[in-house]
Each structure stands twice: as structure tokens, then as C-alpha cells.
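The values are calculated or read from the model by the stated rules, or taken from the named source; none is laboratory data. None of the values given here were measured: they were computed from a predicted structure. Using ideal geometry, Cβ is built from the backbone for each residue, glycine included, and neighbour counts are taken over all protein chains shown.
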Amino acid sequence: MVADPKSLPTTGHMEICNTYELAKFTKSNLAPLTGPRSKQPLEQIHSYLCDKFSIPSLRGFSYYITFIDDYSKYAHLYFLKKKSDAAAATQRHIAYMENQIDKTVKWFRSDNGGEYISNDLQQFFATKDIKHEFTIRYSHESNGTAKHFNKMIATMTRSALLDHDLPRNLWAEAMNTMVHFKNHLPHKAFPNMTPYEAVTGKKLFIGHL
């Protein structure tokens, strides 16, 4: 971590996204995830849309949206310039993953934010017969998978920027790197393989890293 805590800026200056404040907050007795664990890749997707960052990224992005496969814990990250871009990113991600591994999404889990309940996205779900499940309003615990994943990558990103004294507008590049690392490291759900291997069925070789 950072060698000299006194060198850190104040919270107001180093805050990039409100997720970072969440990353420093822990709560006991988290409610257990509802429903059975998925039996195969893409059976259920968890999604999270970050609030607006205080500083745009190097390429002008102000938001990010994540999609986490419930079975493998493999995650995809998309950066957005407007919150309204979330619906298109969701459709693009589902189409891409279904094409890559030849499976179909059955359930999609998110909060009930306006970007997730847009007419375009709801029509897309209806066309593909995808059941859209909503978390309990104001309850991060009801969407535990997305909550814990985003807390983790937010902490990793924040630490990377501070440890290396990098400009804050590099948050998108740093976060993308953290997600890549998580996808290619063993997960407790599959101790002997990575999320990448679990979702694709392909063995990961060192040369791929």
C-alpha cells in the first residue's frame, strides 16, 4: 500500500466515484444471495452501473457498467459517456457473450434504475425471453454479487492510482486492468481454474497473460 499515509490527499480530492467511498465501508450480516447458484455460464448475469465520476477519464468517460456471470464470476466492463448508453451496452454485451460461447442468457439481475428499465432494453429482454430480476431498492445486499465485485475493483483501482501517483483521469485504464487480472486469477468458486477458463471452457496458458 502507500508508504506514507500523510502524503495522501484528503477524501474530497482523491474521490473518483462514490463506489470508492462504498469500498471503505463494511457492513456485517449481509443478506444471503437469493435463488440457486447457476449451473452453467450465462444462465444469470448480474449488472451494476456506477454513478457519475467526479473526473472524466482520459477518453472522456464518466460512467462504467459491469456484467458478471453468476456461474463463472467472469466480468466485463464497459465505459460510458452518458448513463443513457447503458441500455445499448447491455444489449451489446449479451449479444457478444452469447455468440462467443454459444449459450443464452436466462436471467438478468440489476437494480431498478431508469437505465435498466428503459423501453428499448425491456423490449430486448422480451424478444430474447430473458427474465429481468430487480434488487430491493436501497439494498445493496440484495445484489450481493455485483456489490462485492464492484467494491473490490474500486478498492484495487483506487490503490493502484495512489500507490503509483498516477493522474486521476486514468481511472478507466486502471479499472480495466484490475478486471482483467480478476478474470485471469483463480476464484474461490472454482479453486483450480480462473473465471476465464470457467466461462469459456478453454485452458489458460501463462503466455496468454
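Overview of values
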| quantity | calculated |
| --- | --- |
| Members of segment 40-65 that are of a type in the set (Phe, Trp, Tyr) and within 30 Å of residue 197 (Cβ to Cβ) | 48, 61, 63, 64 |
| Hits in segment 50-69 - residues which are charged (D, E, K, R) and surrounded by fewer than 22 Cβ atoms within 10 Å (Cβ to Cβ) | 51, 52, 59 |
| Residue match in segment 85-107 (condition: buried (at least 19 other Cβ atoms within 10 Å of the Cβ), touching a strand residue (DSSP E or B) at 6+ places or on another chain (Cβ under 6 Å), modelled with pLDDT of 95 or more and under 18 Å from residue 51 (Cα atoms)) | yes |
| Residue match in segment 180-191 (condition: modelled with pLDDT of 95 or more, of a type in the set (Phe, Trp, Tyr) and surrounded by fewer than 15 Cβ atoms within 10 Å (Cβ to Cβ)) | no |
| Residue 67 in contact with an Asp or Glu (Cβ under 8 Å, 6 or more places away or on another chain) and in a strand (DSSP E or B) | no |
| Selection count, segment 71-88, where residues are farther than 15 Å from residue 183 by Cβ and not in a helix (DSSP H, G or I) | 4 |
| Residue within segment 7-30 that is within 30 Å of residue 190 (Cβ to Cβ) and modelled with pLDDT of 50 or more present | no |
| Conditions (1) surrounded by 16 or more Cβ atoms within 10 Å (Cβ to Cβ); (2) at pLDDT 95 or above; (3) closer than 27 Å to residue 173 by Cα; (4) of a type outside the set (Ser, Thr, Tyr): number failed by residue 124 | (3) |
| Which numbered condition residue 149 fails, given (1) under 17 Å from the mean Cα position of the chain (by Cα); (2) farther than 23 Å from residue 95 by Cβ; (3) surrounded by 15 or more Cβ atoms within 10 Å (Cβ to Cβ) | (2) |
| Selection status of residue 67, farther than 15 Å from residue 118 by Cβ and modelled with pLDDT of 95 or more | yes |
| Selection within segment 154-179 - touching a Ser or Thr at 6+ places or on another chain (Cβ under 8 Å) and either modelled with pLDDT under 90 or of a type in the set (Gly, Ala, Ser) (or both) | 154, 160, 172, 174 |
| Segment 91-117 - residue that is of a type in the set (D, E, K, R) and in a loop (DSSP other than H, G, I, E, B) and, of those, farthest from the chain's Cα centre (by Cα) | 102 |
